[in-house]
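Below is one structure, written out as structure tokens; comments come after it.
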Amino acid sequence: MALKKINTVLTAAFILFILWFGTEFILSPETTAPGFGLPSRPSGDGGGFLVVKGIRDVVLALVLGVLLVTGHRRALGWVLLVEALAAYGDMTTVLAHHGSVATAFGVHGLTATLMVVNGLLVLRETRKVASVPATPAPQPA
């Protein structure tokens, strides 16, 4: 299987995973929150922050989806690298608030690392295309 096809499948999987997870936080934050890895769900009016997290995830997925569908593969590689910071941030948040270490590393850290690998693979795939010198157009005699 060509590198471009593998990258496309991996990116599509990330888009669907992030979109699903974000939608779950929007539609049922009270049942989704424990899977995030923090020791307790926000009390009182704090549940709104879970919806904000869900909206963030949906937007992150949509950005990746637009870049994938429109064929902006080099930008897609860079955005995968940048968006991995959100997952590393989630990992750090879970660890800083004495949440589940297994979830912090096994879900957030692994997701972020796989996004970095996918981003680097997309950049590698597009490097060849970007480094090909443009052939000048023939000039009229």
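A few remarks follow.
- Exactly one residue out of Ala75, Ala84 is over 12 Å from Phe14 (Cβ atoms), modelled with pLDDT of 95 or more and part of a helix (DSSP H, G or I): that is Ala75.
- Any pair with Cβ under 9 angstrom, 6 or more apart, that starts in the stretch 19-38 at a residue that is touching a residue at least 60 places away in the same chain (Cβ under 8 Å) and ends at one that is open to solvent by 20 Å² or more (accessible area, probe 1.4 Å) and among the aromatic types (Phe, Trp, Tyr): Gly35/Phe21
- Each residue in the stretch 104-127 was checked for being among the hydroxyl-bearing types (Ser, Thr, Tyr) and open to solvent by 30 Å² or more (accessible area, probe 1.4 Å), and 1 pass.
- Residues within the stretch 12-60 that are farther than 21 Å from Leu95 by Cα, surrounded by fewer than 17 Cβ atoms within 10 Å (Cβ to Cβ), under 11 Å from the mean Cα position of the chain (by Cα) and not aliphatic (A, V, I, L, M), tallied: 1
- Residue in the stretch 69-80 that is over 30 Å from Leu3 (Cα atoms) and β-branched (Val, Ile, Thr) present: no
The values are calculated or read from the model by the stated rules, or taken from the named source; none is laboratory data. What you see is a predicted model, and the numbers here were worked out from it, not measured in a lab. Note that we place each Cβ from the backbone using ideal geometry, even for glycine, and neighbour counts take in every protein chain shown. Ligands, DNA and RNA are stripped out before the accessible areas are found, and what is left, the full protein with its side chains, is counted by its heavy atoms. Shrake-Rupley method; radii C 1.70, N 1.55, O 1.52, S 1.80 Å.
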